[in-house]
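Accompanying notes for the structure given below.
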Amino acid sequence: MLEKPKCLLRRCKRYLGVIQLDSSEITEVNFCKAFPEGIPFRIAYGNDLHLTVSEDQTNDIVFEKE
């Protein structure tokens, strides 16, 4: 089971939850509208507040408080 990511604790309304990339707990990732295939570690658990669009995004979604 994953730790709660900072984006959830900060109450980002874009956060969608946890998905398993296959059927095992080992492949669980946090995901959101900005990162539908998994939120990068630097945002989920690091110090990146995701207030601006990241180079690795294919959309322009950023942190937005609920």
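The values are calculated or read from the model by the stated rules, or taken from the named source; none is laboratory data. Bear in mind that the values here come from a model prediction, so they are computed numbers and not experimental data. Methodologically, a virtual Cβ is constructed for each residue, glycine included, from the backbone with ideal geometry; neighbour enumeration extends over all protein chains shown.
You will find that of 13, 4, the residue that is touching a residue at least 40 places away in the same chain (Cβ under 8 Å), surrounded by fewer than 16 Cβ atoms within 10 Å (Cβ to Cβ) and at negative phi is 13 and no other. Of all residues in region 32-52, one or more are of a type outside the set (D, E, K, R), in a strand (DSSP E or B), surrounded by 13 or more Cβ atoms within 10 Å (Cβ to Cβ) and at pLDDT 95 or above.
Look at residue 16 and say whether it is aliphatic (A, V, I, L, M), in a loop (DSSP other than H, G, I, E, B) and touching a Lys or Arg at 6+ places or on another chain (Cβ under 9 Å). Spelling it out, it is not the case that residue 16 is aliphatic (A, V, I, L, M), in a loop (DSSP other than H, G, I, E, B) and touching a Lys or Arg at 6+ places or on another chain (Cβ under 9 Å).
Does residue 65 meet the test of being more than 12 Å from the chain's Cα centre (by Cα), at pLDDT 95 or above and of a type in the set (Lys, Arg)? Criteria met by residue 65. Among the residues of region 4-13, those identified as over 8 Å from the mean Cα position of the chain (by Cα) and either within 14 Å of residue 40 (Cα to Cα) or hydrophobic (A, V, I, L, M, F, W, C) (or both) are 4, 6, 8, 9, 12. Report, by residue number, each residue of region 22-31 that is exposed (fewer than 12 other Cβ atoms within 10 Å of the Cβ) and of a type outside the set (Ser, Thr, Tyr). Correct list: 22, 25, 26.
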